[in-house]
Amino acid sequence: MSFSLLIDDSSSLIEFTRIYLALFYTFVAVFYTFRIIYMTRTSKESIVFSGVKYCASWWNHTAFKFFRALIWFICVLRVFIPSLDNYLGVFTGLNGWPGVMFGNALLTAGFALSMIVHFNMASLWRSGVDPNGPRILKTKGLYQFSRNPMYLGVIAAQVGFFLALPSIFSLVCLIVGVVAIHRQTLVEEKHLSESFTAEYKQYSQLVPRWF
């Protein structure tokens with residue numbers, strides 16, 4: 001099927017997106033799993049810090065991980081049980097061209113942005129707040145334009161997911177995801193301001209939190 005035919009035929013676009021979302025989130029799950037294992041073995045130290053149980057950071061991590069796993073599960077299940085869509089509260093008016101195609105593009109672009117930041121940070125990357133770090137304050141690259149470019153990419157990807165699968169389910173995931181990321185941003189910024197008092201204050205005055 002040609003690309004032009006795909007974008008003109010909403011039903012074909014929806015079916016393409018059904019498979020794309022399953023493959024996309026499977027790739028994300030596999031990537032992060034192996035990436036964390038690799039970085040942990042290479043650095044010989046933990047790189048994932050959820051925080052003390054029931055603290056703000058712990059709740060943010062727990063909510064984000066739960067919904068990320070739920071999204072993956074639902075997207076894979078939709079491939080084998082298309083009728084599952086009947087229970088997701090799909091917004092029929094939004095479920096077609098051009099919204100779904102734009103959602104696919106935004107989802108991909110958001111993930112690409114977060115990956116660029118991830119690899120640019122290299123060994124400095126941590127999931128959560130490392131009580132013994134970071135060793136330096138990252139202010140170069142994309143951090144010259146946003147204090148949280150990786151989270152910005154994640155939020156863009158979640159908005160893309162909602163547009164690619166416009167439904168009550170994806171809307172709830174979007175709201176929870178944005179709230180969890182915003183709350184985690186506040187936790188991490190507080191940690192940085194305590195670790196780099198004068199430097200972070202000056203940095204935060206020059207660079208916006210988001211864009």
Restricting attention to segment 128-148, does a residue exist that is under 30 Å from Gly89 (Cβ atoms), assigned to a loop (DSSP other than H, G, I, E, B) and at pLDDT 95 or above? no
Filter result (within 14 Å of the chain's Cα centre (by Cα), free of Cβ contacts under 8 Å to residues at least 60 places away in the same chain and surrounded by 17 or more Cβ atoms within 10 Å (Cβ to Cβ)) within segment 14-32: Tyr25
Do any residues in segment 131-145 that are surrounded by 12 or more Cβ atoms within 10 Å (Cβ to Cβ) have Cβ atoms under 6 Å from those of residues that are outside any loop (DSSP other than H, G, I, E, B) and not acidic (Asp, Glu), where the two are at least six apart or on different chains, and which pairs are they? Pro134/Leu124; Thr139/Tyr203; Gly141/Asn120; Leu142/Val117; Leu142/Pro149
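For (1) charged (D, E, K, R); (2) touching a His at 6+ places or on another chain (Cβ under 6 Å); (3) over 25 Å from Tyr54 (Cβ atoms), each residue gets a yes or a no:
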position	(1), (2), (3)
Ser123	no, no, yes
Asp130	yes, no, no
Ile136	no, no, yes
Tyr143	no, no, yes
Val159	no, no, yes
Leu163	no, no, yes
Glu199	yes, no, yes
Arg209	yes, no, yes
Keeping to segment 187-201, report how many residues are exposed (fewer than 14 other Cβ atoms within 10 Å of the Cβ) and either small (Gly, Ala, Ser) or at pLDDT 95 or above (or both). 1
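Hey, among the residues in segment 43-66 that are among the hydroxyl-bearing types (Ser, Thr, Tyr) and touching a strand residue (DSSP E or B) at 6+ places or on another chain (Cβ under 7 Å), which one's surrounded by the fewest Cβ atoms within 10 Å (Cβ to Cβ)? Break it down into steps so the answer makes sense when it comes.
So in segment 43-66, the residues among the hydroxyl-bearing types (Ser, Thr, Tyr) come out as 43, 46, 50, 54, 57, 62.
Of the ones still in play, those that are also touching a strand residue (DSSP E or B) at 6+ places or on another chain (Cβ under 7 Å) are 50, 57.
Details: Ser50: 16, Ser57: 19.
Within segment 43-66, the match that is surrounded by the fewest Cβ atoms within 10 Å (Cβ to Cβ) is Ser50.
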Could you grab the pairs with beta carbons closer than 7 Å, sequence gap of 6+ or different chains, first residue in segment 183-211 and under 20 Å from Asn132 (Cβ atoms), second one basic (Lys, Arg) and assigned to a helix (DSSP H, G or I)? Ser193/Lys201
For segment 162-211, which positions are more than 13 Å from the chain's Cα centre (by Cα), closer than 30 Å to Glu15 by Cα and not polar (S, T, N, Q)? Leu163, Ala164, Leu165, Pro166, Ile168, Phe169, Leu171, Val172
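The values are calculated or read from the model by the stated rules, or taken from the named source; none is laboratory data. Keep in mind that what you see is a predicted model, and the values were worked out from it rather than measured. Backbone-built Cβ (ideal geometry, glycine too); neighbour counts: all protein chains shown.
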